[in-house]
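Undergrad: If you scroll down you'll find the structure; I have some questions about it.
The values are calculated or read from the model by the stated rules, or taken from the named source; none is laboratory data. From a predicted model like this one, the values you see are computed outputs, not experimental measurements. Note: ideal-geometry Cβ built from the backbone for every residue, glycine included; neighbour counts use all protein chains shown.
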Amino acid sequence: HLCWTVIVLPLEIGPLSSRLSHKIGCRWTVILGGALSGAGYTLSYFGNSLNYLLVTYGCVSGIGCGLVYTPVVAVISHFFTRRRQFATAVAVSGAGIGNLCFPPLLQHLVDMYGWRGAMLVCGSLALNMCICGALLRPSPPHASPTNSTCDSKLVDASAEPPVENRRDDATTRLRRTATRLQRTLLGAHGAELLSDVRLLVLLLDNMLFIGSMMVVIIMLNDYVTYCGISPDDSTYILSIFGVFNMSGRLLAGVVTLHRHIDSMTTFCFSMAAMGAISMAIAPTRHYAGFAIVAAAFGSAYGMGTSAMPSALADMFGTEKLLHSFGFINFASGLGGVVAAPLAGWLYDVTKSYYVMFTFGGCLSLFGSFIMAAMLHWQHYRGCCCRPSVRDATHPSKTIVPKYCANDIVKAPAELQVILTE
């Protein structure tokens, strides 16, 4: 339960982190998260029971890490437009570096100072996130004539009818109260996003994406040992996954520099690749085969993780990125909570690793099919057409609309200005 809390809780508080960032800013949210994380590690020094560590190490430090992750990733998209995906890929690759460096460092600290001393050192390291948060610049304003016009139209269309035409009954009052409560808890952007069918599709896809990853990572080490490989050698398989997870994140940034490949297509491809690779794990019996499969699976997972923030910025606009990314993180944590125990139950029933990895692969393949269907539907409805319009104020620039005005769903009116070569 302790490890499960540390893994899942930072993702589950994604909506809280995005809402707090919208209220007090990304800088102060990161500083608060770093302080909570450092306090959680430091308080764990005094722990004498597992329940105490579950609160301090699991909940307090987990909430702190969750408050840091969402605004740090989202703030990048506010300052990078032309090469947003590449900038995001470089930033999120730090998580892969941490996964490689910290396990041996923590083991060394435990050997030298014991687990209590290691907690104190981790607390001091976590407090450095406050310094990183203090270096974040405030988000720039989103002032645009096009956005202002469209926003005013949306406000006029959604304005409440005159008082004399309004039915002031109990149902209307209850609906109005629920709307106010929803906007208070989620914000105006959050309430609007939850009514967008595209976000609901992405939430389902990320649940399947993380669920597939959790199934493979949790069962891979046991399966490698089951095939006759020593436990010491099997640990290197997960290290290979971590190395190529980092390289896959950078690879996604490089791939999307090509103008015909966008972030959403990259995410869809990564899900399909994860599904195919997961199904190829069960027939594998030798160490070299496991190393190749772990490298390929880590690369595919890293590409999908790196592509999602930029895909959200392109689809919903940077002004809604904080809320949309918070919802995505919540769905990701929920996928890990549901998929891993379900996979364990399947193994208890079938006693077959083949069923386990096939189940994980089917999750990713089903998610990629849903994503491909949505992308095809958007293209069919004209959402992805990008007619070039010469900007009168800047003759050397071309305005390229992200979405058409006649989009059947609520596509943002954001326009991306791209310098012509």
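Undergrad: State whether the residues of region 277-288 include one that is at pLDDT 90 or above and of a type in the set (Phe, Trp, Tyr).
TA: Checked against the condition, which is being at pLDDT 90 or above and of a type in the set (Phe, Trp, Tyr), region 277-288 yields no hits at all.
Undergrad: Let me ask something additional. Could you please give the count of residues in region 74-106 that are surrounded by 19 or more Cβ atoms within 10 Å (Cβ to Cβ) and aromatic (Phe, Trp, Tyr)?
TA: 1
Yes/no per residue for (1) of a type in the set (A, V, I, L, M, F, W, C); (2) farther than 22 Å from PHE330 by Cα; (3) part of a helix (DSSP H, G or I):
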residue: TYR69; (1), (2), (3): no, no, yes
residue: VAL72; (1), (2), (3): yes, no, yes
residue: THR81; (1), (2), (3): no, yes, no
residue: ALA89; (1), (2), (3): yes, no, yes
residue: TRP115; (1), (2), (3): yes, yes, yes
residue: LEU125; (1), (2), (3): yes, yes, yes
residue: CYS132; (1), (2), (3): yes, yes, yes
residue: LEU136; (1), (2), (3): yes, yes, no
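Undergrad: Against the conditions (1) crowded, with 17+ Cβ neighbours inside 10 Å; (2) over 27 Å from LEU321 (Cβ atoms), where does TYR52 fall short? Just the number, please.
TA: (1)
Undergrad: Of the residues ILE218, ILE240, ILE229, which is modelled with pLDDT under 90, not basic (Lys, Arg) and not in a helix (DSSP H, G or I)?
TA: Testing whether each residue is modelled with pLDDT under 90, not basic (Lys, Arg) and not in a helix (DSSP H, G or I) leaves just ILE229.
Undergrad: Please verify whether region 113-120 includes one or more residues that are modelled with pLDDT of 85 or more and either more than 21 Å from GLY64 (Cα to Cα) or not assigned by TED's automatic domain parsing to the domain that holds ALA35 (or both). Steps first, please.
TA: To start, the set of residues in region 113-120 that are modelled with pLDDT of 85 or more comprises 113-120.
Subset that is either more than 21 Å from GLY64 (Cα to Cα) or not assigned by TED's automatic domain parsing to the domain that holds ALA35 (or both): 113-114.
Within region 113-120, one or more residues are modelled with pLDDT of 85 or more and either more than 21 Å from GLY64 (Cα to Cα) or not assigned by TED's automatic domain parsing to the domain that holds ALA35 (or both).
Undergrad: Residues that are of a type outside the set (A, V, I, L, M) and closer than 27 Å to PHE327 by Cα: does region 219-235 have at least one?
TA: no
Undergrad: Now, a different point. Does LEU363 qualify as being without any contact (Cβ under 8 Å) to a residue 60 or more places away in the chain, out of contact with any Pro (no Cβ under 7 Å at 6 or more places or on another chain) and under 29 Å from PRO231 (Cα atoms)?
TA: Here the answer is no, as LEU363 does not meet what is asked.
Undergrad: Checking TYR69 against (1) over 27 Å from ARG19 (Cα atoms); (2) modelled with pLDDT of 80 or more: exactly one of these is not met. Which one?
TA: (1)
Undergrad: Among the numbered criteria (1) in contact (Cβ under 8 Å) with a residue 40 or more places away in the chain; (2) in a helix (DSSP H, G or I), which single criterion is violated by ALA288?
TA: Failed condition: (1).
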